[in-house]
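Notes follow the structure.
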Amino acid sequence: MADLEGFIDRLDYPVYVVTTAAAGEQAGCLVGFASQCSIEPVRFMIWLSRANRTLRVARAATHLAVHLLGREQRALAELFGGESGERIDKFARVPWASGSGDVPVLADAPAWFVGRIETLVDGGDHVGFLLDPVADGEPGEREGALLRLSDAIDIEPGHPVG
């Protein structure tokens, strides 16, 4: 079986912060595997690691929020990618508001959307969440480059990988 290492090593896509809430719990993590996957109707797929607390909360949720980050927001990426919600309350450290489906929406994200979870897909060590966008926003006039995988690749995960 091919491992695609030479192909995958050339990718440099945006990273996202995904947040959710269910049963009185909030969770959020840094995500690298995501993409729009349909034009009509618009659909977006987010992949959450099986090792991540966010997956456990998301399985009981009805919605996920997907946030883009600006290149200057590495600290936010480090919080959501390098810390575990098992040990700290990430949402106590950032401004946020409750969005559709009661998911936390990060106030400082240059763009975001909330999607209703339509279906789950087994992807091996990740689970895919197919989202139907129900709300979106651009809270600021922030311009500039997005935070990309190459900007965040050295963030040590807050949980074991895989």
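The values are calculated or read from the model by the stated rules, or taken from the named source; none is laboratory data. Everything quoted here is computed from the prediction, not taken from an experiment. Methodologically, a virtual Cβ is constructed for each residue, glycine included, from the backbone with ideal geometry; neighbour enumeration extends over all protein chains shown. We work out accessible area using only protein heavy atoms, side chains counted, and drop any ligands, DNA or RNA first. Shrake-Rupley method; radii C 1.70, N 1.55, O 1.52, S 1.80 Å.
At-a-glance table
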{"quantity": "Single condition ILE117 does not satisfy, out of (1) over 13 Å from the mean Cα position of the chain (by Cα); (2) crowded, with 18+ Cβ neighbours inside 10 Å; (3) not in a strand (DSSP E or B)", "calculated": "(3)"}
{"quantity": "Among the candidates ALA65, ALA77, ALA60, residue that is open to solvent by 40 Å² or more (accessible area, probe 1.4 Å) and among the aliphatic types (A, V, I, L, M)", "calculated": "ALA60"}
{"quantity": "Single unsatisfied condition, LEU76 versus (1) outside any strand (DSSP E or B); (2) closer than 24 Å to ALA97 by Cα; (3) in contact with a Pro (Cβ under 6 Å, 6 or more places away or on another chain)", "calculated": "(3)"}
{"quantity": "Residue match in the range 123-134 (condition: of a type in the set (Gly, Ala, Ser), modelled with pLDDT of 95 or more and within 21 Å of GLN36 (Cα to Cα))", "calculated": "yes"}
{"quantity": "Residues that are out of contact with any strand residue (DSSP E or B) (no Cβ under 6 Å at 6 or more places or on another chain) and either of a type in the set (Ser, Thr, Tyr) or loosely packed, with under 12 Cβ neighbours inside 10 Å (or both), drawn from the range 94-114", "calculated": "PRO95, SER98"}
{"quantity": "Residue list for the range 27-81, filter: among the polar types (S, T, N, Q) and farther than 24 Å from ASP9 by Cα", "calculated": "SER38, THR54, THR62"}
{"quantity": "The range 80-89, subset touching a Gly at 6+ places or on another chain (Cβ under 6 Å) and surrounded by 19 or more Cβ atoms within 10 Å (Cβ to Cβ), residue modelled with the lowest pLDDT", "calculated": "GLU83"}
{"quantity": "Failed item, numbered, when ARG56 is tested on (1) touching a residue at least 24 places away in the same chain (Cβ under 8 Å); (2) closer than 24 Å to ALA111 by Cβ", "calculated": "(2)"}
{"quantity": "Hits in the range 40-54 - residues which are surrounded by fewer than 19 Cβ atoms within 10 Å (Cβ to Cβ) and within 21 Å of ILE155 (Cβ to Cβ)", "calculated": "ARG50, ALA51"}
{"quantity": "Selected residue (criterion: surrounded by the fewest Cβ atoms within 10 Å (Cβ to Cβ)) from residues of the range 26-39 that are in contact (Cβ under 8 Å) with a residue 40 or more places away in the chain and assigned to a strand (DSSP E or B)", "calculated": "CYS37"}
{"quantity": "Any hit, the range 53-68, residues being closer than 22 Å to ASP151 by Cβ, basic (Lys, Arg) and not in a helix (DSSP H, G or I)", "calculated": "no"}
